[in-house]
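Some notes on the structure that comes next.
The values are calculated or read from the model by the stated rules, or taken from the named source; none is laboratory data. Predicted, not measured: the structure shown is a model, and the values here were computed from it. Positions of Cβ are generated from backbone atoms using ideal geometry, with glycine treated the same way; all protein chains shown enter the neighbour counts. Side chains included, ligands, DNA and RNA excluded: accessible areas come from the protein's heavy atoms. Shrake-Rupley method; radii C 1.70, N 1.55, O 1.52, S 1.80 Å.
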Amino acid sequence: MHKTETTTGTLYVVATPIGNLEDITARAIRVLSEVDLIAAEDTRHSTRLLQHFSIRTPLAACHDHNERDEGGRFISRLLAGDNVALISDAGTPLISDPGFHLVKQARQAGIKVVPIPGVSAVIAALSAAGLPSDRFTFEGFLPAKSVARNSRLELLREETRTMIFYEAPHRLLESVAAMRDVFGAQRLAVLARELTKTFETIKALPLAQLHDWISQDSDQQRGECVILISGFEQEHSVDVDLKSQQIMQLLMAELPVKKAAALAANITGLRKNVLYQWALDNKKPE
Ligand code: SAM
């Protein structure tokens, strides 16, 4: 690997597979083979990956516990001109994985940081879930304790974007139960489990049914999983009470729908767009 114009090395942030080893990129293999040092979340775990691809680059630990303090060691190597690759146990480093502090320190030190993109469970899950993907929010792991978890979910109750959560298998059932209680039994959810592996499963069901399905099949509580929740949708016609409907009908007989909805909103206190949507849903055919 070229030690370019400057004498400072480059920090490569390299994505690795989340199960299926064929998902590593050719560029990742080349970079991992050519750098001077690989900073790995778990050196024993990564040794197996590197052996599989006959990569003999030395490894050093860079995990949650030492990242902040030991980051300086990698920074010194980079400043001395060595190229370093950062990998985590699976997927893209920094995505619910260590690496943030090292990348931040490197950038602050003026070291070039280059992403070597590849798999991340969040994107793999979203790409196959069939939920709106134009906008989404990645929530990572929910807090493990139920009070903190519920307050986090409460904050998301009216989030309109698709929400994506990582979860540990032993907490899957209680998290889905909490989601059902906060987002409602009918909110559509997708469980994406064991992606890229033999028992890959992608199941879409309303939250109450998804919870029952998981609780009735202990196999669904094994392995790694991503939970996706469809965003909150604005209230529709069912939420417009009878009196408001009558007011809307009277006004619509005399006025354009938009004007009728605006006036009815003033009278009833309901939101204008709710009444407007109700009018569109209930307009008599001409
Ligand atoms: N850095 C990784 C990434 O880019 O996706 C995520 C690491 S995080 C510590 C591990 C979590 O990612 C798991 O608990 C699970 O929620 C999700 N995950 C990782 N691999 C997965 C897979 N093969 N199928 C489903 N979810 C997976």
Q: Give the residues of segment 103-125 that are touching a strand residue (DSSP E or B) at 6+ places or on another chain (Cβ under 6 Å) and either within 16 Å of the ligand (Cβ to nearest atom) or within 17 Å of ALA40 (Cα to Cα) (or both), sorted by residue number.
A: VAL103, ALA106, VAL113, VAL114, PRO115, ILE116, VAL119, SER120, ALA121, VAL122, ALA125
(Q) For segment 213-262: of the residues being of a type in the set (Val, Ile, Thr) and free of Cβ contacts under 8 Å to residues at least 40 places away in the same chain, which is farthest from GLU139 (Cα to Cα)? (A) ILE247
Q. Given the conditions (1) within 11 Å of the ligand (Cβ to nearest atom); (2) open to solvent by less than 30 Å² (accessible area, probe 1.4 Å), and given that HIS170 satisfies all but one, which numbered condition is not satisfied?
A. (2)
**Q.** Selection from segment 74-97 of residues that are open to solvent by 10 Å² or more (accessible area, probe 1.4 Å) and more than 9 Å from the ligand (Cβ to nearest atom)
**A.** ILE75, SER76, ARG77, LEU79, ALA80, ASP82
Q. Identify, please: which residue in segment 108-139 is loosely packed, with under 13 Cβ neighbours inside 10 Å and closer than 30 Å to ARG73 by Cβ and is, among those, farthest from the chain's Cα centre (by Cα)?
A. GLY110
(Q) Within segment 193-208, does at least one residue satisfy the condition of being surrounded by 14 or more Cβ atoms within 10 Å (Cβ to Cβ) and assigned to a helix (DSSP H, G or I)? (A) yes
Q: Mind counting the residues in segment 31-61 that are closer than 25 Å to ALA80 by Cβ, out of contact with any strand residue (DSSP E or B) (no Cβ under 8 Å at 6 or more places or on another chain) and either part of a strand (DSSP E or B) or among the charged types (D, E, K, R) (or both)?
A: 2
Q) Can you tell me which residues in segment 140-166 are assigned to a loop (DSSP other than H, G, I, E, B), out of contact with any Lys or Arg (no Cβ under 7 Å at 6 or more places or on another chain) and either open to solvent by less than 40 Å² (accessible area, probe 1.4 Å) or within 24 Å of ALA15 (Cα to Cα) (or both)? A) LEU156, GLU159
